[in-house]
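The values are calculated or read from the model by the stated rules, or taken from the named source; none is laboratory data. The model shown is predicted, which means the values in this text are computed figures rather than measured ones. Neighbour counts run over all protein chains shown; Cβ positions are idealised from the backbone, glycine included. Keep in mind that these areas ignore ligands, DNA and RNA; they rest on the heavy atoms of the full protein, side chains included. Shrake-Rupley method; radii C 1.70, N 1.55, O 1.52, S 1.80 Å.
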Amino acid sequence: MMWLASLHRTVAEGGRLAPAEQEILKARAGSPASIAAMRYAGLLVDSEARIATVSGDAQLARKLTGVRDILAQSCQAAGLTFKDEYQRERAALDAEPATPEPLETAVVRAVTSDRFTEALTQALKRRSLRERALERPTTDVWRWLDEHEGSRWRSLPSGVRRMCRLDPAAFTRKAFIDLNGSDCDPNLAHEAVAEQWVSCANEIVSALMRVRESLESELGSAPPPARAALGAQLRQSEEAYARGSARCLEARLIVGHLHLRAVRKYRTQGMRKLRADCLAEATKTAIEADPVLGAIVAEACQQHRAACPAVGAAYPCADCSPSVADVVRERLRQAPVVDVPRQPAQRDLQQPPETENTEQLSDGLFACEELLKNFADQKKLSLVIVECQTRPDDSTFGYAWLARDGSHGQGTGTALNDLDQTVQALCSTALLIRETGSSVRLVSRHLRAANIVHLTLRSGDVYTPLDTPLSEATREWLRQVAERPHGIAVSIDTCEQRHRGSLRAEELARLAALGTDGPADGPRDESLLGPHVATRALVPSAPGRLVGPDDEAGAARWLTTNGGQGVEMSWRVGLHRVHLDNKWCPLPDGWTPDHEDGRHLRLYLNHDSEDTSHRPVQRVALRQRGGQWELAGLTWPAGLAPGTLITFTWRLTQGFVTGDTAPLPMPERIDGVYFTHEYDPHVVTRQNAPGADQYDRIPDLTDTGWTLHTLRKLGYLTEDGEAILAEDALVDNCLRLGLPASRAAAIPDAVRQLVRARTLDRVTGSQDSSGHPWYPPLARQPRIPLLRYRPRVEVVATRHDPLVEVHSQRRPHEVAGFLRRLPPGAKASPEQEDAYREAVREARIVDRGLPDGITYVKPHHRAR
């Protein structure tokens with residue numbers, strides 16, 4: 001805005017622009033940014049004229065007043081042109097007739113009212129749409145457009161989402177502070193925040209005007225010594241007022257553009273089809289819940305069309321729904337009450353499965369080839385079949401799950417109906433298997449139950465059907481699944497023939513309902529049991545394939561579905577130690593620009609930190625090194641630990657990038673490393689291993705240090721950051737990382753020390769035919785002894801510096817020498833380097849010199 005404003009002012013003053021600047025003004029003519037820039041330039045010139053008047057410079061004041069009037073006239077003319085174009089297009093769009101609802105839908109909506117509204121809300125939820133997504137928006141227009149034009153809300157910078165959620169009073173305060181500051185918050189410039197500016201415009205401009213008028217009054221009566229300081233304050237307040245007024249004008253114009261886009265979208269064929277589909281689905285749901293209503297509505301609509309004169313119109317019977325609804329209501333009052341059974345008959349659990357079922361089995365031992373083919377590309381997911389059976393004498397049911405590798409489990413519960421019990425079974429099975437770190441895809445023959453769990457996972461909210469009640473226990477299971485959706489998927493078994501896996505799971509469920517132990521392949525592991533899970537027939541939960549060093553993705557990964565090929569890119573980085581030390585971070589693979597190497601950008605790093613020296617706005621360079629694109633020249637906040645996650649967003653048409661960290665609910669300490677923001681457990685395990693700070697050379701470590709270094713660097717990782725490695729491969733891997741061969745014999749003793757100290761533990765896993773380890777072990781696979789490192793995670797109750805603990809009663813003591821990180825750009829003094837070399841010689845360790853940015857603190861006596 002400031003740059004455009006300077007161009008407009010040059011024109012108003014009679015100056016000449018370069019050809020490139022003329023092209024820019026021509027291209028931007030009539031845009032909200034250009035009109036707002038005129039307003040900004042005019043108000044700045046007006047403020048200079050006012051100050052000149054107060055200072056007694058009449059000649060300068062007259063000159064500036066003329067320039068101001070030219071800018072004001074230009075701004076007014078451009079604004080009127082924008083308004084005329086807006087009203088003309090809006091009138092043309094509004095002139096198009098709206099498509100009325102089908103007669104049956106309008107009648108059902110009128111008769112059932114709230115029930116139809118709830119069914120329509122659920123139909124919208126299934127499409128990830130909000131309640132008013134089918135109506136033409138009057139407020140929150142950006143979010144409405146976002147829903148229908150490809151959702152970007154989740155990929156928005158967290159700062160923009162914060163601005164959108166602020167109430168008017170809080171937003172006014174935030175805008176007032178930003179306008180009076182030296183650096184602009186880019187989150188406030190996003191078009192998603194435009195409606196916030198418009199709703200708070202009067203309060204923002206009034207507050208800025210009051211400050212300006214107060215300073216003008218003080219300046220007019222101030223003694224000469226104080227006039228200079230007051231003049232500087234007045235200029236600052238004039239600048240803030242000009243920015244605020246221009247921002248509010250630009251926001252009003254942007255909102256006008258958004259309304260036009262919304263009306264255009266609302267009139268498209270795709271929107272009409274979406275509306276028709278949702279209304280048809282809601283109508284079907286309402287009719288299925290009340291078959292008598294469905295029959296009466298169909299009959300009444302048919303009779304009405306036979307006699308209605310408007311049946312041949314462009315929109316038949318568009319205004320006839322109220323009269324038809326009255327007929328339906330009258331017939332419903334006269335209709336007899338019909339008891340419609342909702343529960344399918346249950347077969348006698350005392351009887352074994354009928355023999356004809358076994359004759360229809362597929363050839364596969366678990367499932368048919370068609371079903372397995374659907375999930376062939378999801379090898380990391382454990383495929384699990386879930387079945388339920390109800391006891392004939394009460395509401396107790398049994399359920400069982402059977403995994404593709406042969407492992408299985410059973411459980412019992414109470415439910416209101418067959419839908420209720422299947423949802424319970426799916427949720428409890430998913431959560432039980434996820435506790436072992438395995439990702440799972442559940443397969444069920446119950447269409448509605450699978451859909452309920454699927455929609456809960458997708459939306460993050462508990463989904464409940466309209467026509468069938470769910471117990472409070474089932475709702476609680478759904479809440480737990482909604483809170484932990486990662487690694488859980490649900491599918492429907494649509495095959496006509498029963499699979500042997502399904503029949504076996506059904507038999508196990510029947511035995512669970514009767515309280516009879518089923519067969520078990522392998523030892524029981526009752527430590528994995530959750531609520532309502534029977535202890536009598538549980539076998540180990542579905543195992544998980546561990547992530548090895550060669551399987552890990554890079555430090556950066558795309559969040560946008562189009563990778564790096566779109567106009568807007570979003571990616572997440574788990575910071576490595578080399579990024580923090582060398583002040584850069586990578587972009588994910590797949591971005592192939594033409595001419596971007598060396599381009600400079602502004603980085604807005606939104607990071608809540610106690611580091612007051614941190615600069616949230618900095619200039620960085622986009623560069624390519626070794627085929628990898630990266631942002632270079634970053635200044636990281638102090639205390640940022642390796643493994644911290646940062647989400648970057650960059651719209652390629654703009655010259656700035658935003659980076660966001662997400663605060664943890666409470667700080668955590670992982671093996672002594674302090675974290676206040678969300679982190680990647682895999683990166684934390686790798687990058688904070690002993691010797692990780694010596695990444696550019698062979699580390700200088702003790703025997704136990706080498707053991708932990710190797711296990712954490714080359715071990716296979718679970719989802720929570722545990723590292724697992726075959727014990728007989730540990731020594732070879734230590735040598736591979738640089739352990740001197742003369743020290744290899746000491747590694748087994750180091751392992752014993754770490755096991756005694758509970759830093760490591762021994763577990764039993766399995767090894768598949770490719771040599772890949774699995775933990776928990778796979779059924780019918782050879783067992784192998786594994787070493788496991790488990791991160792020690794502590795929740796820290798306070799947010800003070802973790803390295804400085806307060807000990808009010810601490811006694812005098814001796815402090816050993818230690819290394820300390822220096823501020824950016826600082827170097828250790830020659831005296832400290834000499835002291836470090838002396839300490840190294842006394843300790844008889846390899847002298848590698850002090851790293852850059854590190855100093856040595858000599859041993860000393862601390863009184864308290």
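Across the range 217-268, what is the total count of residues that are closer than 23 Å to T139 by Cα and of a type in the set (S, T, N, Q)?
At the first step, the residues of the range 217-268 found to be closer than 23 Å to T139 by Cα are 244-268.
Checking the rest, the ones that are also of a type in the set (S, T, N, Q) come to 245, 268.
Qualifying residue count, the range 217-268: 2.
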Hey, among G659, G643, G633, which residue is on the phi > 0 side of the Ramachandran plot, in contact with a strand residue (DSSP E or B) (Cβ under 8 Å, 6 or more places away or on another chain) and either open to solvent by less than 10 Å² (accessible area, probe 1.4 Å) or among the acidic types (D, E) (or both)? G643
Residues in the range 222-252 that are farther than 16 Å from I204 by Cβ, in contact (Cβ under 8 Å) with a residue 60 or more places away in the chain and of a type outside the set (K, R): how many? 2
From the residues in the range 223-251 that are surrounded by fewer than 19 Cβ atoms within 10 Å (Cβ to Cβ) and of a type in the set (K, R), which one is nearest to A189 (Cα to Cα)? R235
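Tell me which residues, restricted to the range 726-758, are within 36 Å of the chain's Cα centre (by Cα) and open to solvent by less than 40 Å² (accessible area, probe 1.4 Å).
A726
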Restricting to the range 629-685, and then to whatever is assigned to a strand (DSSP E or B) and among the polar types (S, T, N, Q), can you tell me which residue is nearest to the chain's Cα centre (by Cα)? T647
Suppose we filter R821, R790 for residues that are under 30 Å from W636 (Cβ atoms), open to solvent by 80 Å² or more (accessible area, probe 1.4 Å) and modelled with pLDDT of 80 or more; which single one remains? R790
Since D183 meets every condition but one in (1) open to solvent by less than 30 Å² (accessible area, probe 1.4 Å); (2) modelled with pLDDT under 80; (3) closer than 28 Å to Q233 by Cα, which condition does it not meet? (1)
Take residues that are in contact with a Ser or Thr (Cβ under 8 Å, 6 or more places away or on another chain), closer than 22 Å to D319 by Cα and touching a residue at least 60 places away in the same chain (Cβ under 8 Å) and tell me which of the helices (runs of 4 or more DSSP H) falling wholly in the range 88-188 contain 3 or more. 103-112
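Residues are listed down the side, and each one gets a yes or a no for (1) closer than 30 Å to L258 by Cβ; (2) open to solvent by less than 50 Å² (accessible area, probe 1.4 Å); (3) assigned to a helix (DSSP H, G or I):
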{"position": "R9", "(1), (2), (3)": "yes, no, yes"}
{"position": "G15", "(1), (2), (3)": "no, yes, no"}
{"position": "S34", "(1), (2), (3)": "yes, yes, yes"}
{"position": "L43", "(1), (2), (3)": "yes, yes, yes"}
{"position": "R62", "(1), (2), (3)": "no, no, yes"}
{"position": "V67", "(1), (2), (3)": "no, yes, yes"}
{"position": "Q76", "(1), (2), (3)": "yes, no, yes"}
Consider the range 610-628. How many of its residues are part of a loop (DSSP other than H, G, I, E, B), without any contact (Cβ under 8 Å) to a residue 40 or more places away in the chain and more than 19 Å from P588 (Cα to Cα)? 4
Would you check which residues across the range 254-286 are without any contact (Cβ under 8 Å) to a residue 12 or more places away in the chain and aromatic (F, W, Y) and list them? none
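Each row is one residue, and each column tells you yes or no for (1) more than 28 Å from L219 (Cβ to Cβ); (2) at pLDDT below 85.
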position	(1), (2)
S6	no, yes
A20	yes, yes
L25	yes, yes
R28	yes, yes
S55	no, yes
R62	no, no
G79	yes, no
D84	yes, no
R90	yes, yes
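Just to be sure, is V684 over 17 Å from G574 (Cβ atoms) and either basic (K, R) or out of contact with any His (no Cβ under 9 Å at 6 or more places or on another chain) (or both)?
Answer is no for this residue.
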Of the criteria (1) in a loop (DSSP other than H, G, I, E, B); (2) surrounded by 19 or more Cβ atoms within 10 Å (Cβ to Cβ), which one E719 fails: (2)
G220 surrounded by 16 or more Cβ atoms within 10 Å (Cβ to Cβ), modelled with pLDDT under 80 and small (G, A, S): no
